[in-house]
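Heads up, the thing below is written out as structure tokens.
Any read-out appearing in this document is the output of simple, stated calculations on the displayed coordinates, not a laboratory observation. Since the model is a prediction, treat every value here as computed from it, not as a measurement.
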Amino acid sequence: MAKEKIQAPPFDDIVFEARNKEYGAYRLRKKYTRNVLIALIIGIIIIGTAVITPYLNAKALSTRAQQREERQVEIQLENLDQPNENVAPPPPPPPPPSEVVQQARYVPPVVVDSVKPEEAAQLMTVDQARVEVQNEDVSAIEIVEEVKEEVQEEEPEQEPFVVVEEMPMFPGGDPALLAYIAEHTQYPEVAKENNIQGRVIVRFCVTAKGTVDKVSVLKGVDPELDKEAIRVVESLPPFKPGKQGGKPVPVWYMVPITFTLK
């Protein structure tokens, strides 16, 4: 005879047999497993959120810090080839001809007493006294030539050359010029915030004394970048002046400055 499987009633039914099962304790015991499972899931979610949230916050802060950190500024200096022109120095202006001024020297008249010695002893009235004024002949007037002193006029300001025999040289050469500009250039904050980049070509004159003059922008990018490029060029120390025919002369010089954000 086959054994029949007898299924035992749940423990809660045995405990609450012959009792009022509508009472709250019975329902709580019946739903205990379900409630424990739900509480476990909620607890896992809360613990996981508490663990993951700081990590996500730290990662977000790191990303923002990288975005806010100061960008590296690279300023490149390029040398432009000067046009190959042989410009001869202008001839000096001829000196003005000296003017000869003729001046007549005045010879004062000689007063000669016409009274003879014999007559001087005689008594004479005032009316009887006669004095003859003897004038020298006009031909005896001596003409003296006076040479007018030459007044040396100030030479007009010489127009700067484009190319000369010996071009101006920055102390230490082009590498030193590049280092000076890179060290003293400050990227404008407005240009940083607006991500403005580009190359500014600055032209200036190296005078016969080696100083920097007539600074201007030939090709600009932005007013802020142009202003900064002019400021740096104006602060350059004196150059070794260019020479033409062995004499210092003013020479045009061009410097392109590239503003780059990284």
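Tabulated results
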{"quantity": "Of Lys214/Lys240; Lys219/Lys247; Lys192/Lys214; Lys209/Lys243; Lys219/Lys240, those spanning more than 20 Å from alpha-carbon to alpha-carbon", "calculated": "Lys219/Lys247; Lys192/Lys214; Lys219/Lys240"}
{"quantity": "Contact order relative to length of the stretch 181-262, as percent, for alpha carbon pairs under 8 angstrom and 6 or more apart", "calculated": "40"}
